[in-house]
Amino acid sequence: MAVRVRFAPSPTGALHIGGIRTALYNYLFARHHGGVFILRIEDTDQSRHVPGAEEYIIEALRWLGLVPDEGQGFGGDNGPYRQSERKAIYQKYAQELVACGKAYYAFDTPEELEAIRQQEVHFAYNYRTREHLRNSLTMSPEEVEALLQEGTPYVIRLRVAPEEEVHIQDLIRGEVVFQSSELDDKVLLKADGMPTYHLANIVDDHLMRITHVIRGEEWLPSTAHHVLLYRAFGWEDTMPQFAHLPLILRPEGQGKLSKRDGARFGIPVFPLSWKGATPEDSFLGFREAGFLPEATLNFLALLGWHPGGDQEVFSLDEMTRLFSLEHISKGGARFDYDKAKWLNQRYIMATDNATLAQYIRPLAEAKGYRTEQSYLEQVAALMKERVSLLPEFVEEGYYLFEPVRAYDEEAIRKRWKPELQPVLEAITDLMPSVQPFDAPTLEMAVKALLQERQVKPGDVLPLLRLALVGTMKGPAVFDTAALLGPAETANRLRSGMAYFLQCTETTAAK
Ligand code: GLU
C-alpha cells in the first residue's frame, strides 16, 4: 500500500520548531517510501484560531522546501484540507456512531458539569458516571427526541466500554497498552456543531487514507481514544500505524523546550519570525536569525534521528535516502543551539558565492550599504569561513562596507614602532601604482618594498590589517585590500596611521 502521511498543525499561533520537525519527518518518510505528504489544517477550535497562522505554516514549509503533495494551499483530490470546511462530514459520521449505539447525545450543560466538578475534583464523564447524567443513555427515546426538537444544545460523546485493553504497536515506542476503564467518554461533536480534534482527526485520517501517523509524543495518550474510534467506526483494518516522536528538550537538557525559551536563552525556537499582538507573543525565527534552510533542516532532522556513524552533515537527499523510523530515539532530544550554528557555518562554507550574495543583499540594503552582485560575491568569498549566521556578513564584516569604527588599541600598542611610520607611508604611496589591484600583485609589491627596506613582514602586516579593519581578526589582509580598492586602502592606511600615532602618544604621555 502506498505510504500516505500528513502534517496536521492547528493554526493557533506561530508554529514551534518542534512542529516543523514533525513535518520534516513526515516529509522524509513519504519521500523515502515514494509516498504522499499531505498538509491538513486542524482549525476546529475556533476560539484558539489566530489570523495569519495558516499562512505562517505554509510559508515556513515553503522556505524549507518541504512542499506537500496535497493539502491546504497545495491542491489535491482529497480536500477540503481545512477542517473548518468539513463540518458536515464530521456531523454525518458522529450521527452514524449515535445510530449504532457507539456514541450518544449528552445534554448536560457546562454549568451542570462544572457544579459536579466543584464537588468531585476527579470527575470524569465515563462508563460509571454517564449512568447518572442527562444523556440519551439514561433518557427515553421520546425525551431525547423532544429535547432535540426543541433545539436543546447537546454534545455527542463516544461511549467507551469498560474493561477493554487498547494495544498500540507504536513504531518508535513499541507496545503501549491502555485500559479502557480509565478513559473518559470524549466529546466528539461540540454544542456548536464543530467536531473535536479526536473525531475530525480520525475521520480525516480515514478519508484521506493515511497509512502512518507520525506526530509528537504529547499525542500518545489521545491515541487510546483514536483506536477506540477506529473500532467504533469499524475501520480497524485500515487503521494507520502510529509513531510518536520524542520531546525536544531545552539547551541545558532539562525540561521540554517551550516557545518562551527562545527569549529566555536568546535563541530562535521558531522557523520564521512572528509578530504577535504583544512583545511576549513575538518570536525570532531561524530564517531571520540567519540560518540557511538546508542547515535548519539538517539540524532539525538530528533532533531525535540519526542513521548511525559519525556523519553530521546531511543533505535533504541523503536524509531522504537514509531515513527510517527505527533510527528515531525514544528519549528526548536536546536543542543544542551551538550545533545549529556549527551546521549553519558548514552550509555557508559550502554555498556558492553567488547564492550567498543573494542572502547578503537585503542585509546590506537594510544598512544602506552597497549591493552590487559582484561586490557582494567578493564579500561572501572573504567572509564565508568566518561567519556562522548570515547577518554576520554585514556585522562582523561591516568594514568591507564602511570605515573602521573602532581600533584594537591593545594590539596597536603592542605592534607600533615609530620607525615603521615611513614604511607605512611608502606602502600608502605605492597603492595607486599597483596594477592590477589584486591580492597576489599587491602582496608581491608590498613584500618587495619591505625587502628593499629590510623590514620583516611580520612587523608590518599586522599594522596593515589593523589599519584596514581595526582588529587582528578578519580575512587575509591582501584580499581585504584588493576588495577595498587602491583609493580606500590608501585612505584607511592614512587614517589608521593617524590613529596609531595618537594612541601611542597618549600611552607614552601617561
Ligand atoms: N492538530 C494536532 C496538532 O496541532 C495534530 C496532532 C496529530 O498529528 O494528530 O499537533
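Annotation for segment 334-349 versus segment 173-205: alpha-carbon center distance of 39 Å.
So in the chain, what percent of DSSP beta bridges are antiparallel if you round to the nearest 5? Walk me through the numbers before you get to the answer.
Details: 18 of 34 bridges.
Given both bridge residues lie in the chain, the antiparallel proportion sits at roughly 55 percent.
Counting helices only, and only those DSSP H runs with n ≥ 4, report the 222 nm mean residue ellipticity of the chain as the sum of -39,500 (n - 2.57) divided by its residues, in deg cm²/dmol to the nearest 500.
Details: 20 runs with 230 residues, N = 510.
Result for the chain: -14000 deg cm²/dmol, rounded to the nearest 500.
How many percent of the alpha carbon pairs in segment 92-175 exceed a separation of 15 Å? Roughly 66 percent, once rounded to a whole number.
Quick check: from the Cα gyration tensor, does segment 182-286 come out rounded (a/c under 1.5), prolate or oblate? Since a/c reaches 1.5 and a/b is larger than b/c, the shape of segment 182-286 is classed as prolate.
Straight-line cross-link reach from K330 at under 30 Å between alpha-carbon atoms covers these lysines, not counting any fewer than eight positions away in the same chain: K186, K256, K259, K339, K341. Taking other C-beta atoms within 10 angstrom as a stand-in for reagent exposure, T489, T129 fall in the order T129, T489, fewest first. Applied to segment 132-138, the Karplus parametrisation 6.51 cos²θ - 1.76 cosθ + 1.60 on θ = phi - 60° returns per-residue 3J(HN,Hα) values of 10, 10, 8, 9, 6, 8, 9 Hz, with x for Gly and Pro.
Counting other Cβ atoms within 10 Å as a rough exposure proxy, the listed residues T278, T12, T504, T22 run T278, T12, T504, T22 from fewest neighbours to most.
With K and R counted +1 and D and E -1, the other residues having a Cβ less than 15 Å from that of Q378 yield a net charge of -3. Near G285, the amide H atoms lying under 5 Å from its own belong to S273, W274; only residues 5 or more places off or on other chains count, and H is placed 1.01 Å from N. Taking every alpha-carbon pair under 8 Å whose residues sit at least 6 apart, the chain reaches a relative contact order of 12 percent.
Note that segment 115-242 shows a convex hull volume over its alpha carbon atoms of 139 Å³ per residue.
Debye sum, Cα scatterers, the chain, no solvent: what log₁₀ I/I(0) at q = 0.09 1/Å? So the normalised log intensities work out to -0.76. Once C-alpha pairs closer than 8 Å and six or more residues apart are averaged by separation and normalised to the residue number of segment 1-67, the relative contact order reads 45 percent.
Normalised by the residues of segment 255-315, what does the relative contact order come to in percent, with Cα pairs under 8 Å and at least six apart?
Numbers: 54 pairs, mean separation 13.0, N = 61.
Rounded, it is 21 percent for segment 255-315.
I need the peptides 98-108, 449-459 ranked by packing, meaning the mean over residues of other C-beta atoms within 10 angstrom, with the highest value on top. Can you show the working numbers first?
Values: 98-108: 18.1, 449-459: 12.4.
Ranking, from highest mean packing down: 98-108, 449-459.
Beyond 21 Å, what percent of the Cα pairs of segment 45-189 remain? More than 21 Å apart: 62 percent of the Cα pairs in segment 45-189.
Loop only by DSSP, 13 or fewer other Cβ within 10 Å of the Cβ. Give me the GluC sites (Glu not before Pro) in segment 69-141 that pass, ordered by residue number. Walk me through the numbers before you get to the answer.
On the way: sites: E70, E85, E96, E111, E112, E114, E120, E131; in loops: E120.
Passing both the DSSP loop test and the Cβ count: E120.
Note on K447: aspartates and glutamates with a C-alpha under 13 Å away, same-chain residues under 8 apart excluded, are D459. Taking other C-beta atoms within 10 angstrom as a stand-in for reagent exposure, I41, I214 fall in the order I41, I214, fewest first.
Neighbours of A439, meaning other residues whose beta-carbon lies under 13 angstrom from its beta-carbon, give a summed charge of -2 when Lys and Arg score +1 and Asp and Glu score -1.
What the pair-distance distribution of segment 1-77 shows, using all Cα-Cα distances binned every 5 Å from zero, is 3, 17, 28, 26, 16, 8, 3, 1 percent.
Computed from the coordinates by the stated procedures, all read-outs in this text should not be read as laboratory data. Treat the numbers as computed from the prediction; the structure is a model and nothing was measured. Cβ: placed from backbone, ideal geometry, glycine included. Neighbour counts: every protein chain shown.
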